[in-house]
Amino acid sequence: MASKTPSADAHQEVTRFLRGMWRFNRALTQQLEPLIESRHGIDSRIFFVLKSIQGGKHYPKMLAEHLRIPSTLISRYLDQLDKQGLVSRSIDGQDSRRTRLMLTEAGERVTRETQETLYTLVGAQLAKLDPEVLQGLLTALDSLTDTPDEGPAA
């Protein structure tokens, strides 16, 4: 069966979407990263790892699957977090082959404080949108990522 060639309008929509996502991501990153780094000593990737552990992803494999990143990268992040005293690792009580992850007191504090910073900054950006537009955007993002109300929520 022959595939249909997308119309010029469809190409323009895809281009506009990709450009918009790229620009939005860059703008948000340029605002967030220096602020999070200076206030909390972590970056957004580390925040999402901490937030995911806090949210119940207590095993490296589960964490990698949840965040959709390679387990080797999770291992590097966990090594860094362990050295910073933000995460503790222990042998799982029910399966000694598994390592259980927990946030330390310092990890809980950094996660909470970083989340407050993110809510303030991103909340101010989202407040610029009409509430109906915001709900449409959130619904569209859920549809496109196939993960309603999931993911590394802040």
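Values as computed for the structure displayed
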{"quantity": "Listed candidates (i) 1.17; (ii) 0.98; (iii) 1.26 - label of the one calculated as Cα Rg over 2.2 N^0.38 Å", "calculated": "(iii)"}
{"quantity": "For SER38, SER88, SER52, order by how many other beta-carbon atoms lie within 10 Å, fewest first", "calculated": "SER38, SER88, SER52"}
{"quantity": "Likely footprinting exposure, VAL133, VAL87, VAL49, fewest C-beta neighbours within 10 Å first", "calculated": "VAL133, VAL87, VAL49"}
{"quantity": "Cβ charges +1 (Lys, Arg) and -1 (Asp, Glu), total dipole of the chain, debye", "calculated": "480"}
{"quantity": "Potential extension, SER96-ALA124 segment - 0.36 nm per residue separation minus Cα distance", "calculated": "5.5 nm"}
{"quantity": "Base-10 log of normalised Debye intensity for segment 1-69 (one unit scatterer per alpha-carbon) at q = 0.13, 0.20, 0.22, 0.24 Å⁻¹", "calculated": "-0.63, -0.88, -0.94, -1.00"}
{"quantity": "Pairwise FRET efficiency - ASP82 versus ASP146, Cβ, R0 = 41 Å, nearest 0.05", "calculated": "0.80"}
{"quantity": "Contact order relative to length of the chain, as percent, for alpha carbon pairs under 8 angstrom and 6 or more apart", "calculated": "23"}
{"quantity": "Label-point separation in nm, ARG39 to ARG19, each point 7 Å along Cα→Cβ", "calculated": "3.3"}
{"quantity": "Dipole of the chain, positive direction: furthest Cα of LEU103, LEU81, LEU18, with charges on the beta-carbon", "calculated": "LEU81"}
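Readers should treat all values here as calculations from the given coordinates under stated rules, not as data from a laboratory. Predicted, not measured: the structure shown is a model, and the values here were computed from it. Using ideal geometry, Cβ is built from the backbone for each residue, glycine included, and neighbour counts are taken over all protein chains shown.
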